[in-house]
1. List the lysines whose alpha-carbon lies under 22 Å from that of Lys239, not counting same-chain residues fewer than 8 positions away?
2. Rounding to the nearest 20 debye, state how big the charge dipole of segment 239-339 is about its Cα centre with +1 on each Lys and Arg Cβ and -1 on each Asp and Glu Cβ.
3. How big is the charge dipole of the chain about its Cα centre, in debye rounded to the nearest 20, if each Lys and Arg gets +1 on its Cβ and each Asp and Glu gets -1 on its Cβ?
4. So for segment 1-126, taking the charge dipole from beta-carbon charges (+1 Lys/Arg, -1 Asp/Glu), which of Leu62, Pro110, Gly39 sits furthest toward the positive end?
5. May I ask you to evaluate 6.51 cos²θ - 1.76 cosθ + 1.60, the Karplus curve with θ = phi - 60°, for each residue of segment 199-208 and list the ³J(HN,Hα) values in order in whole Hz, giving x for glycine and proline?
6. Order the peptides 32-40, 359-367, 167-175 from the highest to the lowest mean number of other Cβ atoms within 10 Å of their residues.
7. Quick one: work out Rg over Rh on the C-alpha atoms of segment 255-398, Rh as Kirkwood radius.
8. Using a 10 Å cut-off on Cβ atoms, rank the peptides 381-387, 317-323, 157-163 from the highest mean neighbour count down.
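Read-outs: derived from the displayed coordinates by stated rules, not from any lab. The structure displayed is predicted, hence computed values, not measured ones. When we count neighbours, we look across all protein chains shown, and the Cβ atoms used for this are built from the backbone with ideal geometry, even at glycine.
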Amino acid sequence: MISFSQRLQSLPGYPLAEIPSIKRRLIEAGVDVIDVGAGDNDTPPPAVAVESMSAALHNPALSKYGFQQGLPEFRQAAARWIERRFGHRFDPTTEILPLIGSKEGLSHLPLAVINPGDVAIVPEPGYQAYIGGALLSGAQPYVAPLRPENDFLLRLDRIPGDVLKRAKIAFLNYPNNPTAAVATSAYLEHVVATCRTHDILLAYDNAYCDLTFDDYRAPSIFDVAGARDVSLEFFSLSKSYSMTGWRLGFAAGRPELIGALTRVKSYVDTGPFLAVQKAGVAVLDHSEEIVAPIRAELERRRDAAVTALRSVGFAVESPKAAMYLWVPLPAGTPSAVFARHALEESGVVVLPGSGFGPAGEGFFRVALTVGAGRLRVAAERLGAALERLRRGPIATTA
Ligand SMILES: Cc1ncc(COP(=O)(O)O)c(C=O)c1O
């Protein structure tokens, strides 16, 4: 018998792991399923990415191992983009690192700083790669709840001093998945100051920095003075450019921190496919024109979905950024029960808040990944699902 590690067994289970099989069964039965579960936009990848990748496939040099160095052109394009977007300069050779998607870098990072017994601070609800990476590195996770009364901000000032002393890494993500919350400069200044005081590595996940609405512009952690001492910032090409499957992202930070992550990665992977990095150059150099229509479409979808959900009784906030609505459920309606019912009885895939950790209970997440018309239909069906649950006896298990 193979026995599995305590680390493996410590990974939290996903409460609705059966969603894909239920969805397949419903589709086979002819149900018109609307999937607003995963954060995977329905818009195609940018034409410049496709063209650049097609050309790259004809260049045999780009079929070789990329190693951590990768394509120098990609590092340079990433550094150019950060400078255009945020006004910060990074040395492409020593301060930028290509990643096989930002998830890969975020989840490997704890291996660079954690010793047995060290603490990793993770937000909950939150992107599950943080707790996964922390547990796999042998860290003791300290789960910090994101609550509506704190605007879904991770309150480092509420964490006991002895925990902060043992903490080696903290994950932070604004604009946030799943809550769509954003962070103010004053808040980020406080976070950086706390991390500097306690020598905590701040893993700042800025995957949604360009998916912002109205006049809101998301900051970089490096806007905060002194952030370079303690922070690595993670960027993704997945969400802004509809390239989730291409697996490309990058980290930025000072050479010692980038070097530590590079060293970990050199033992577990060989970098993103060079042809994908070549496409990444084209995309980053055309970033502004590519992301503008995606942002405008998401804003239309946000407005349509918020209006429709409110009209059927959900008290949802209209977010300033990201591609999600974090929708509160009436007290006493377990989110996994609601999500299961919405799928089985109404053909709508949403993610239950509890899927992002117990502190996500009481909410469900709608991804703005289908057009406004479909979102309106989804909202109507979700309203009907809630009404049925309210009237009928509520099952208490998912
Ligand atoms: C907050 C957050 N960070 C990172 C990622 C991962 O992005 P990538 O595709 O670059 O690995 C996601 C994907 O859903 C996310 O929601």
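1. List returned: Lys103, Lys278, Lys320.
2. Rounded to the nearest 20 debye, it is 180 debye.
3. Charge dipole, the chain, about its Cα centre: 480 debye, nearest 20.
4. Of the candidates, Leu62 comes out farthest on the positive side.
5. Calculated HN-Hα couplings, in order: 6, 9, 6, 9, 8, 9, 9, 10, 4, 10 Hz.
6. Taking the mean over residues of other Cβ atoms within 10 Å, the ranking is 167-175, 359-367, 32-40.
7. Computed over Cα atoms, the ratio is 1.12.
8. Packing order, densest peptide first, comes out as 317-323, 381-387, 157-163.
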